[in-house]
1. Distance in nm between label sites at ALA158 and LEU127, each 7 Å beyond Cα in the beta-carbon direction?
2. Considering the options LEU75, ALA132, GLN58, tell which one lies farthest towards the positive end of the dipole of region 45-136, charges being +1 on Lys and Arg and -1 on Asp and Glu at the Cβ, about the Cα centre.
3. Please find, in a Gaussian network model of the chain (springs between Cα atoms separated by less than 10 Å), the residue of LEU184, LEU237, LEU200 whose mean-square fluctuation is greatest.
4. Ranked from highest to lowest mean number of other Cβ atoms within 10 Å per residue, what is the order of the peptides 207-220, 57-70?
5. Under a plain spin-label model, where a point goes 7 Å from the Cα along Cα-to-Cβ, how far apart in nm are GLU188 and GLU23?
6. Taking the Cα centre of each part, how many Å lie between region 79-153 and region 216-247?
7. In nm, what is the difference between 0.36 nm times the number of residues separating ARG135 and ARG171 and their Cα-Cα distance?
8. List the residues of region 143-162 whose backbone N lies under 20 Å from a point placed 7 Å from the Cα of ASN221 along the Cα-to-Cβ direction.
Amino acid sequence: MPIYDSHVHLKHGDAARTEYAPETIVETMDAAGIERSVVFAMSTTTRRSIGMAQRAAQAFPGRLIPYVYALPNYLRPVLSEIDKAVSELGFRGIKLHAGECRLAEYLADPVFELAAELDVPCLVDFLGDFAAARRIAEGFPKTRLIIAHLGQYLCASAERHDRFIEIAEGRENAFLDVSGVALLWKIEDAVRRIGADRVLFGTDGPHEAPDTASFAAREINKISMLSLSDAEKEDVLGGTLARLLKM
Ligand SMILES: [Zn+2]
């Protein structure tokens, strides 16, 4: 079963707004044994995120899968840019980030409605805001919502992860991305409670420490070492994303 990475940055949201060339991402994938990766840019406009991910997908068709970044803009209606990226340019999902664009109804809800219409998932970093996650998972049952980082990046609170797992329990439209999770046993909990078919592996890379390939390999290893069945690991490491994106 091939490994698919559901969360890779062409441009990060770190202090330096670090960017990575598609070539670097694919070299990293080759070294770590990753067949396909979802790629997107943040910390930039929706328009530029489309340009960056489109170039990446064209340079490596079938290996890099583009998501569009949703960020409101006073100058341009981004909803039509998102619509065009998916309907005409082959984008397969939408990324939102609560840190750069608050998830208030008037800002984010049109994006979740459009995602349901276009039948693409929304990958959302909630920064630990489980009230927002619950509101959106409940309010948009036809939108496939991917909750990044099991709710919060490098979260040290098992209870907080539990709140997000609870939100996904019994809601078929909610998925959990387990990139950037430090409390690894919470990944096992998530699989037990909602099933491996709604849990997604991601590296949240590239990261340089110690180098991009070793970082990616270590993230894969975190899943391989868990107390899960082989079938569950295969789902988390690729099967779930393949079904979600109908690959
Ligand atoms: Zn990320």
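1. Distance between label points: 2.8 nm.
2. Going by the charge dipole, the pick is GLN58.
3. LEU184
4. Details: 207-220: 16.4, 57-70: 20.8.
Highest-to-lowest ranking by the protection proxy: 57-70, 207-220.
5. In this crude spin-label approximation the distance works out to 4.3 nm.
6. About 23 Å separates the Cα centre of region 79-153 from the one of region 216-247.
7. Numbers: separation 36, 0.36 × 36 = 12.96 nm, distance 1.22 nm.
My answer for the length gained is 11.7 nm.
8. In region 143-162, the label zone of ASN221 (backbone N under 20 Å from the point 7 Å along Cα→Cβ) covers 154.
Bear in mind these aren't lab numbers, they're just calculated from the coordinates by the rules spelled out. Quick caveat: nothing in here was measured; it's all calculated off a predicted structure. Reconstructed Cβ throughout: ideal geometry from the backbone, glycine too, with neighbour counts over all protein chains shown.
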